[in-house]
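Structure record follows, encoded as structure tokens.
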Amino acid sequence: METFKGSYTQQEPIPEEGIEAAIAVMRSGRLHRYNTAEGELAETVLLEQEFAAQVGAKYCLAVASGGYAMATALRAVGVKPGDRVLTNAFTLAPVPGAIAAVGAVPVFVGVTEQLVIDLDDLAAKADLADVLLLSHMRGHLADMEALMALCDQQNIIVIEDCAHTMGAAWKGVPSGTQGLVGCYSCQTYKHVNSGEGGLFVTNDAEVAARAVMLSGSYMMFGKHLAGPPQETFETIRYETPNISGRMDNLRAAILRPQLRKLDGQRDRWNARYNLIEDGLRDTPGLTVIDRPADETMVGSSIQFLLKGWDGTSVEEVLSRCLKRGVELKWFGASEPVGFTSRYDSWRYVDAPAMPESDEVLAGIIDMRVPLTFSLEDCALIARIIKSEVSAVYQSVKS
Ligand SMILES: *Cc1c(COP(=O)(O)O)cnc(C)c1O
């Protein structure tokens, strides 16, 4: 019987170029983003300029984490304590956490079998809030044209959580540039790795100015070359609290070469994803998620559905795969384990039950696809999953 020996948590090393740039920053001693020598441009500033150009946004701000970027976005668009904010029922804990961080209240919107936000449920709940924190969970993009048309018509501000869609696009438009703000994570398990870190992009000068002030720029906002024009800060600089959450030059130095490689990394991820998906197709009892033609995805993780399966059989599949070295995660488990991803795990929110979403969530199986897996590894993993799902499915049916 074949087994897989690789590690699901092993990422690739930082590119040598990034290591050298990081060492140069450490040698300089100037790690703080506003600590620059005469005529020097901080790594953080260069990162912001480069990322803004890469996604085609006017302004970019580098911050301490993806979660910090989201909370900053909510503050910068004017969300106040007690306000309700729409968000996905299927997402990761830092998303409702960012809403809670500003004292606001998440209102969950359902998930479809394509694993994207349910636009009918969004339309039904549109009157409940002025802001949608839209999570492109596990890299699945909703029909962004339909979503933006609905939100524009309902005067809903859209903030995009692009933790899993850095490098992705809808009809060629980079993910994170359709909403008013795009938020990205540079945490180890995302598409670029500085341990922790986040990026914030917008085309709105006032939102950008508030975010710069919020992030802890003191009166050094003039050093933000990917920030809005100086006059935008005229009153904002007096009115905006400093809620410290800057990125430092060390992280920025590590990230810049990784961003230059992002398109190539996307192709490598998608080659792995497609191999696994092909290997899983036509497995009895298993449904692959067909990706829309308008989506440019980054296949850094893969999901499939075990629709209508009972919990015991799902757990049987997971334990049999694990014995063969394949680590699957079940989002439907009743007790949250590891990274929690469903609305009823967050009991600080008084969320009404969502039976249709519960049914989808109960069947979602997830697997990370680190780039340290070879193509042969991916083919092997698919064979293992296929054989174990088939075996359990057959035994349940007979
Ligand atoms: C990781 C993640 C975040 C938050 O990123 P951090 O940088 O860890 O704060 C937000 N949303 C999703 C879906 C994530 O997976």
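A few remarks follow.
- Take the chain with all the other protein chains still there, run a 1.4 Å probe, and you get 42 Å² of accessible area per residue.
- The phi-based Karplus calculation (6.51 cos²θ - 1.76 cosθ + 1.60; θ = phi - 60°) puts the 3J(HN,Hα) values of the stretch 58-74 at 6, 10, 9, 10, 8, 9, 6, 6, x, x, 5, 4, 5, 5, 5, 4, 4 Hz, whole numbers, x for Gly and Pro.
- Between PHE339 and THR3, the simple spin-label model (points 7 angstrom out along Cα→Cβ) gives 2.6 nm.
- Comparing Cα centroids, the stretch 195-222 and the stretch 123-191 end up 19 angstrom apart.
- Around the Cα centre of the stretch 262-397, unit charges on the Cβ atoms of Lys, Arg, Asp and Glu (plus for the first two, minus for the last two) sum to a dipole of about 460 debye.
- Compactness of the chain as Cα Rg over 2.2 N^0.38 Å, two decimals: 1.01
- Dipole magnitude for the chain: computed about the Cα centre from +1 point charges on Lys and Arg Cβ and -1 point charges on Asp and Glu Cβ, it is near 980 debye.
- Highest to lowest packing among 173-181, 293-301, scored as the average C-beta count within 10 Å: 173-181, 293-301
- Relative contact order of the stretch 262-397, defined on C-alpha pairs under 8 angstrom at six or more residues apart (%): 39 percent
- Chain lengthening between THR287 and ASN35 when straightened (0.36 nm per residue, less Cα-Cα): 85.4 nm
- Judged by the mean number of other Cβ atoms found within 10 Å, the most tightly packed of the peptides 51-62, 372-383, 257-268 leads the ranking 51-62, 372-383, 257-268.
- Largest GNM mean-square fluctuation among ASP344, ASP282, ASP358, using the chain with Cα springs under 10 Å: ASP282.
- Only Cα pairs under 8 Å and 6+ residues apart enter the sum, and on that basis the relative contact order of the chain stands at 22 percent.
- Calculated FRET value between ASP152 and ASP310, using beta carbons and R₀ = 35 Å, to 0.05: 0.25
- Linear extension gain, MET219 paired with ALA379, 0.36 nm per residue minus alpha-carbon span: 52.2 nm
- Extreme residue, positive dipole direction of the stretch 33-141, given options MET137, ALA53, GLY110 (C-beta unit charges): GLY110
- Projected label points at THR372 and GLN114, each 7 Å from Cα along the beta carbon direction, are separated by 3.5 nanometres.
- Farthest towards the positive end of the charge dipole of the chain, among the residues GLY279, ASN203, GLY78, is the Cα of GLY279, using unit charges on the Cβ of Lys, Arg, Asp and Glu.
- The listed peptides 314-324, 211-221, ordered by packing as a protection proxy, come out as 211-221, 314-324 (highest mean of other Cβ atoms within 10 Å first).
- Of LYS190/LYS323; LYS171/LYS307; LYS80/LYS329; LYS80/LYS223; LYS125/LYS171, those spanning more than 32 Å from alpha-carbon to alpha-carbon: LYS80/LYS329
The values are calculated or read from the model by the stated rules, or taken from the named source; none is laboratory data. Computed from a predicted structure; not experimentally measured. As a convention, Cβ positions derive from the backbone with ideal geometry for all residues, glycine included, and neighbour counts pool all protein chains shown. Ligands, DNA and RNA are excluded from the accessible area calculation, which covers all protein heavy atoms including side chains. Shrake-Rupley method; radii C 1.70, N 1.55, O 1.52, S 1.80 Å.
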